[in-house]
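Report on the structure given below.
The values are calculated or read from the model by the stated rules, or taken from the named source; none is laboratory data. All of these numbers come straight from a predicted model, not from anything done at the bench. FYI the Cβ positions are ideal-geometry reconstructions off the backbone, even for glycines, and counts take in every protein chain you see.
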Amino acid sequence: MNKEKKIKRIGIDARFYGPLGKGLGRYTQEIVDNIIKLDQDNEYVIFLRRENFDEFITDNQKVKKILAAARWYSLAEQIIMPRLIFKERLNLIHFPHFNVPIFTPVKFVVSIHDLILTKYPTKRSSRQLYWLKNLGYRIVIWLAVWRAKQILTASQYSKNDLIGRFKVKPEKILVVNYGVSNLKRGQDLRFVKKLDNRKILLGYNIIGNFILYVGSAYPHKNLETFLAVFFEFYKKYPDFRLVLVGREDYFYRYLKQKAEKMELWSEKNLTSPVIFAGYVPDAELEILYQQACFYIFPSLYEGFGLPPLEAMTNGCPVLSSNRSCLPEILGQAASYFNPKDKNDMLIKMEKITSDKNLREALIKKGYEQFKKYNWRECARQTLEVYRSIIK
């Protein structure tokens, strides 16, 4: 006689869920949404912040939402989260980022996407405060690595990085590639089709040919160097614009100052060569991808690289940095340059701009490349990790 399968309670720290958490938010949302559809056996407890609590909607009776009013990387996170986890009597919890509370009272899986904060720390505070924050980060990530039952990461490059940094056994780290999101997800496709491309572009003051970048402006994204290259490019191609898509923050404001000094941008000039588009809704972003001459990704370091893959899904040729995991993830579907060599970047920009056959070839290869990455498969592999731990 078969024993009845015992139901387990699994938690997912979804405080990054949705646009609130940018790239991490996309990852968290896809993992949560797909896993609760795939797993028909176990119960799930989803921890959310006030800002995204109502954004997560499910009619699954085995899924419980918990308000976790603790900002990530905060002292409150270290105090509140362990209490909530203990109260829910979980068998396992998945943290989709390295910020695992030190006193987590149950078994856990952690996703560590990259070591950017180790390689490119941001110094936005006083020397003493920066030192304290950096120490806190190192303690938290070390404990997360050594206490986790399993570490998930998105590329072989990141796995090798983690092994080299923490001397952890290779079998403890599993590479689970991300998927590529459909920008139409959750939207009325009839409405999306009615969008007027020209009207959308004019709404962002985009006239004529343009290069597109989508993402944050953190230092490792290398946008300050790219601005200097675009300055030279613009001298030869004055009809081109550079469109930068990303929510305004400290780093984008800093980049605006740099662009203004180079006379590439002015708040009063609607025809500036550089356009800071800010946040762009997915339906409109799809149009920007489709209408751009090419997508540029000058990053010095990535754990995976979602934006260039999203560009590929929308038929936009990709010109990418050849650093970190990017050649591994993008394969032959991108043209590459050395992100620290301004001349090489400029030459490759001119090449992709003038060579229509190259752009068409990259578009064709891009359509095949992005098919290798599927969020449902990412969730399935993640669920298998849960099951292997709680069996």
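Can you tell me which of 284, 267, 248, 310 is touching a Gly at 6+ places or on another chain (Cβ under 6 Å), charged (D, E, K, R) and assigned by TED's automatic domain parsing to the domain that holds residue 363? Steps first, please.
Values: 284 fails: touching a Gly at 6+ places or on another chain (Cβ under 6 Å); 267 fails: touching a Gly at 6+ places or on another chain (Cβ under 6 Å); 310 fails: touching a Gly at 6+ places or on another chain (Cβ under 6 Å).
Answer to the check: 248.
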Residue within region 75-84 that is crowded, with 20+ Cβ neighbours inside 10 Å and small (Gly, Ala, Ser) present: no
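Let me confirm something: among 93, 7, which residue is under 19 Å from residue 153 (Cβ atoms) and more than 21 Å from the chain's Cα centre (by Cα)?
Working: 7 fails: under 19 Å from residue 153 (Cβ atoms).
After applying the criteria, what remains is 93.
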Strands (runs of 3 or more DSSP E) contained in region 245-326 and holding at least 1 residues of a type in the set (Phe, Trp, Tyr): 274-278, 294-297
Positions within region 201-243 being surrounded by fewer than 20 Cβ atoms within 10 Å (Cβ to Cβ) and charged (D, E, K, R), in sequence order: 224, 232, 235, 236, 239
Residue among 369, 381, 332 that is closer than 25 Å to residue 110 by Cα and either crowded, with 21+ Cβ neighbours inside 10 Å or among the polar types (S, T, N, Q) (or both): 381
Tally, over region 262-299, of residues that are small (Gly, Ala, Ser) and crowded, with 19+ Cβ neighbours inside 10 Å: 3
Residue tally, condition part of a helix (DSSP H, G or I), surrounded by fewer than 19 Cβ atoms within 10 Å (Cβ to Cβ) and not hydrophobic (A, V, I, L, M, F, W, C), over region 337-358: 8
Residue count for region 37-60, restricted to those that are part of a helix (DSSP H, G or I) and out of contact with any Lys or Arg (no Cβ under 8 Å at 6 or more places or on another chain): 1
Region 139-157 - residue that is buried (at least 17 other Cβ atoms within 10 Å of the Cβ) and closer than 21 Å to residue 388 by Cβ and, of those, nearest to the chain's Cα centre (by Cα): 154
Close pairs from region 194-210: first within 16 Å of residue 238 (Cβ to Cβ), partner part of a loop (DSSP other than H, G, I, E, B) and of a type in the set (Asp, Glu), Cβ under 6 Å, at least 6 apart: 208/239; 209/239
Single unsatisfied condition, residue 246 versus (1) among the small types (Gly, Ala, Ser); (2) more than 16 Å from the chain's Cα centre (by Cα); (3) surrounded by 23 or more Cβ atoms within 10 Å (Cβ to Cβ): (2)
Any pair with Cβ under 8 angstrom, 6 or more apart, that starts in region 257-283 at a residue that is on the phi > 0 side of the Ramachandran plot and ends at one that is in a loop (DSSP other than H, G, I, E, B) and charged (D, E, K, R): 278/247; 278/248
Lone unmet requirement of (1) closer than 27 Å to residue 196 by Cβ; (2) outside any loop (DSSP other than H, G, I, E, B); (3) in contact with a Ser or Thr (Cβ under 7 Å, 6 or more places away or on another chain) for residue 220: (1)
Residues that are over 17 Å from the mean Cα position of the chain (by Cα) and aromatic (Phe, Trp, Tyr), drawn from region 12-64: 44, 47, 53, 56
In region 334-372, the residues that are closer than 18 Å to residue 224 by Cα, of a type outside the set (A, V, I, L, M, F, W, C) and touching a residue at least 60 places away in the same chain (Cβ under 8 Å): 339, 340, 342
